[in-house]
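The values are calculated or read from the model by the stated rules, or taken from the named source; none is laboratory data. Model, not experiment: these values are computed from the prediction. Virtual Cβ from ideal backbone geometry, glycine too; neighbours counted across all protein chains shown.
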Ligand code: JFZ
């Protein structure tokens, strides 16, 4: 197995994963960009390193939460832009093993999620605010806006690239099979071969031939002949692309929307702007109805605990997934126009109707007259009536449509299908 379409099979079936942003920034608790946004010096940030001691870190708990939520895979920040490594890298001292945590947190993470049967991914920031040879060290910690000022500094970017490639090699050598490598991110002219991306990719494919790689090393994944480093899937952020993602030939390509539950990726103590479970369910349905995945983020706190609000949302979505997961896993876009009342997903000859807007009376299925063999309420398997005779008469002017009557006057559950 090696071709892109074979590699992405499990990913397209899985549809729903957990993103975890976790690192030193959980201590200031103002999001993962805190060092840059607040211009915190290296010395001041070092305080968090000396203090980092997530006594409640139990990735088995996290894995159980993800599993119960119906998520099939997980991606964790092995190193974010601040450069701090949750893994025991031989190439730096800036790592969890040298904090009071004193452990390789990635090793425990991988085995815990594997045990629950989830696919395991690594987020790795190619931006590094800590490394002395990254062109954004010290106070130049906003990689996008402040590079210019430091052009004449003594930076040997080659050394950073060696470090970065070396760490990727460690990550993909020391923890068994890894399913996703999630790089973040390219900007301005820092893209593609600036990262020695072709070399990086060939090293990765050597060690982990089946691994999936996102599109943030740069390149154009939508091209008819994408660069070797353009990635296996497209990564829209905080948005569901209105029409899915098409390449230049008009073909749907794999994509994964990554979305936060509140307004931050890393733990933010004051950010209580959480989405509702219903919004999350509908977003997941929307992604699948457009051939995409949803990678839903949680930001555990400094102790290693996923915020209560996030746990509640995940549990609620999990309840829905338990009954309705067949309309998500293995499903894709239906070749039908989006109906007025909601969305379709499809798996083989099974069409799933996600009714968001109940209205009154039966639900209308344009173009499906005589084509629906039987209809069932997915949440409990109960029979639904297709096209009652009086209905057909009343709407004899509508060509080719079918009606299905839902039980009761309301939706069985506001988020049921
Ligand atoms: C990046 C990170 O900066 C952020 O902290 C988080 O990890 C997120 C998942 O990824 O944010 C980005 C990356 C790329 C773009 C925007 C935000 N972009 O290309 O527009």
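Go through the residues of segment 279-300 one by one and say whether even a single one is in a loop (DSSP other than H, G, I, E, B), within 30 Å of residue 337 (Cα to Cα) and within 16 Å of the ligand (Cβ to nearest atom). Can you show your working first?
First, pick out the residues of segment 279-300 that are in a loop (DSSP other than H, G, I, E, B): 290-291, 299-300.
So of that shortlist, the ones also within 30 Å of residue 337 (Cα to Cα) come out as 290-291.
Next cut, within 16 Å of the ligand (Cβ to nearest atom) only: none.
No, segment 279-300 has no match at all.
Which residue, of 274, 175, is surrounded by 15 or more Cβ atoms within 10 Å (Cβ to Cβ), in contact with a strand residue (DSSP E or B) (Cβ under 9 Å, 6 or more places away or on another chain) and part of a loop (DSSP other than H, G, I, E, B)? So that I can check it myself, show each step before the final result.
Details: 274 fails: in contact with a strand residue (DSSP E or B) (Cβ under 9 Å, 6 or more places away or on another chain).
Residue meeting the stated conditions: 175.
Please specify each residue of segment 115-124 satisfying the condition of being within 11 Å of the ligand (Cβ to nearest atom) and closer than 13 Å to residue 89 by Cβ. Give the derivation first.
Going residue by residue through segment 115-124, those that are within 11 Å of the ligand (Cβ to nearest atom) are 123-124.
Across segment 115-124, the qualifying residue is only 124.
Could you give me the residue pairs with C-beta distances under 8 Å whose first residue belongs to segment 27-40 and is at positive phi, whose second residue is more than 9 Å from the ligand (Cβ to nearest atom) and assigned to a helix (DSSP H, G or I) wherever it lies, and which are 6+ apart or on separate chains?
31/25; 31/37
So which residues in segment 1-36 are assigned to a helix (DSSP H, G or I) and in contact with a strand residue (DSSP E or B) (Cβ under 8 Å, 6 or more places away or on another chain)? Spell out how you get there, then give the answer.
If we filter segment 1-36 for residues that are assigned to a helix (DSSP H, G or I), which is where we start, we get 4-7, 9-14, 24-26, 34-36.
The answer is 7, 10, 11, 12, 14.
Would you say residue 65 is in contact with a helix residue (DSSP H, G or I) (Cβ under 7 Å, 6 or more places away or on another chain), within 16 Å of the ligand (Cβ to nearest atom), modelled with pLDDT of 95 or more and over 22 Å from residue 200 (Cβ atoms)?
Details: in contact with a helix residue (DSSP H, G or I) (Cβ under 7 Å, 6 or more places away or on another chain): yes; within 16 Å of the ligand (Cβ to nearest atom): no; modelled with pLDDT of 95 or more: yes; over 22 Å from residue 200 (Cβ atoms): yes.
When the stated conditions are applied, residue 65 does not pass them.
What do you reckon, is residue 76 touching a helix residue (DSSP H, G or I) at 6+ places or on another chain (Cβ under 6 Å), away from the ligand (no atom under 16 Å from the Cβ) and closer than 30 Å to residue 209 by Cβ? Please lay out each step first, then the result.
Details: touching a helix residue (DSSP H, G or I) at 6+ places or on another chain (Cβ under 6 Å): yes; away from the ligand (no atom under 16 Å from the Cβ): no; closer than 30 Å to residue 209 by Cβ: yes.
Criteria not met by residue 76.
Would you call residue 267 away from the ligand (no atom under 14 Å from the Cβ) and either more than 22 Å from residue 31 (Cβ to Cβ) or modelled with pLDDT of 95 or more (or both)? Spell out how you get there, then give the answer.
Working: away from the ligand (no atom under 14 Å from the Cβ): no; either more than 22 Å from residue 31 (Cβ to Cβ) or modelled with pLDDT of 95 or more (or both): yes.
Spelling it out, it is not the case that residue 267 is away from the ligand (no atom under 14 Å from the Cβ) and either more than 22 Å from residue 31 (Cβ to Cβ) or modelled with pLDDT of 95 or more (or both).
Within the group 253, 213, which residue is within 16 Å of the ligand (Cβ to nearest atom) and within 18 Å of the chain's Cα centre (by Cα)? Let's see the steps before the verdict.
On the way: 253 fails: within 16 Å of the ligand (Cβ to nearest atom).
Going through 253, 213 in turn, just one is within 16 Å of the ligand (Cβ to nearest atom) and within 18 Å of the chain's Cα centre (by Cα): 213.
Give the number of residues within segment 194-221 that are part of a loop (DSSP other than H, G, I, E, B) and either closer than 12 Å to residue 183 by Cβ or in contact with a strand residue (DSSP E or B) (Cβ under 7 Å, 6 or more places away or on another chain) (or both). Please lay out each step first, then the result.
Within segment 194-221, the subset part of a loop (DSSP other than H, G, I, E, B) is 196, 208-211, 214-221.
This time we only want the ones that are either closer than 12 Å to residue 183 by Cβ or in contact with a strand residue (DSSP E or B) (Cβ under 7 Å, 6 or more places away or on another chain) (or both), so: 211, 214-219, 221.
Selection size over segment 194-221: 8.
Six or more apart or on different chains, Cβ atoms under 6 Å: show the pairs whose first residue is in segment 177-199 and on the phi > 0 side of the Ramachandran plot and whose second is within 11 Å of the ligand (Cβ to nearest atom).
Going by the 6 Å Cβ cut-off, the qualifying pairs are 192/218.
Look at segment 54-76 and say how many of its residues are farther than 30 Å from residue 324 by Cα and surrounded by 16 or more Cβ atoms within 10 Å (Cβ to Cβ).
Of segment 54-76, the ones farther than 30 Å from residue 324 by Cα are 54-57.
Now drop any that are not surrounded by 16 or more Cβ atoms within 10 Å (Cβ to Cβ), which leaves 54, 57.
So the answer is 2.
For the structure I just gave you, tell me whether residue 200 is surrounded by 17 or more Cβ atoms within 10 Å (Cβ to Cβ) and farther than 20 Å from residue 234 by Cα. Write out each step before concluding.
Values: surrounded by 17 or more Cβ atoms within 10 Å (Cβ to Cβ): yes; farther than 20 Å from residue 234 by Cα: no.
Answer is no for this residue.
Would you be able to tell me the number of residues in segment 32-50 that are within 13 Å of the ligand (Cβ to nearest atom) and surrounded by fewer than 24 Cβ atoms within 10 Å (Cβ to Cβ)?
Keep residues of segment 32-50 that are within 13 Å of the ligand (Cβ to nearest atom), which gives 32-37.
Then keep just the ones that are surrounded by fewer than 24 Cβ atoms within 10 Å (Cβ to Cβ); that gives 33-34, 36-37.
Residues meeting the conditions: 4.
So, in segment 178-193, of the ones that are closer than 22 Å to residue 77 by Cβ and part of a loop (DSSP other than H, G, I, E, B), which residue ends up nearest to the ligand (Cβ to nearest atom)? Show your work before the answer.
Just the residues of segment 178-193 that are closer than 22 Å to residue 77 by Cβ, to begin with: 178-187, 190-191.
The next check asks that each one be part of a loop (DSSP other than H, G, I, E, B); those that pass are 178-179, 185-186, 191.
Values: 178: 18, 179: 18, 185: 4, 186: 8, 191: 10 Å.
By that ranking, first place goes to 185.
Residue-by-condition table, conditions (1) more than 16 Å from the ligand (Cβ to nearest atom); (2) touching a helix residue (DSSP H, G or I) at 6+ places or on another chain (Cβ under 9 Å):
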{"position": "175", "(1), (2)": "yes, yes"}
{"position": "202", "(1), (2)": "yes, no"}
{"position": "205", "(1), (2)": "yes, no"}
{"position": "223", "(1), (2)": "yes, no"}
{"position": "232", "(1), (2)": "yes, yes"}
{"position": "236", "(1), (2)": "no, no"}
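Of the residues 127, 155, which single one is surrounded by 14 or more Cβ atoms within 10 Å (Cβ to Cβ), over 23 Å from the mean Cα position of the chain (by Cα), assigned to a loop (DSSP other than H, G, I, E, B) and at pLDDT below 95? Quick ask: steps written out before the conclusion?
Numbers: 127 fails: over 23 Å from the mean Cα position of the chain (by Cα).
Sole residue among the options that is surrounded by 14 or more Cβ atoms within 10 Å (Cβ to Cβ), over 23 Å from the mean Cα position of the chain (by Cα), assigned to a loop (DSSP other than H, G, I, E, B) and at pLDDT below 95: 155.
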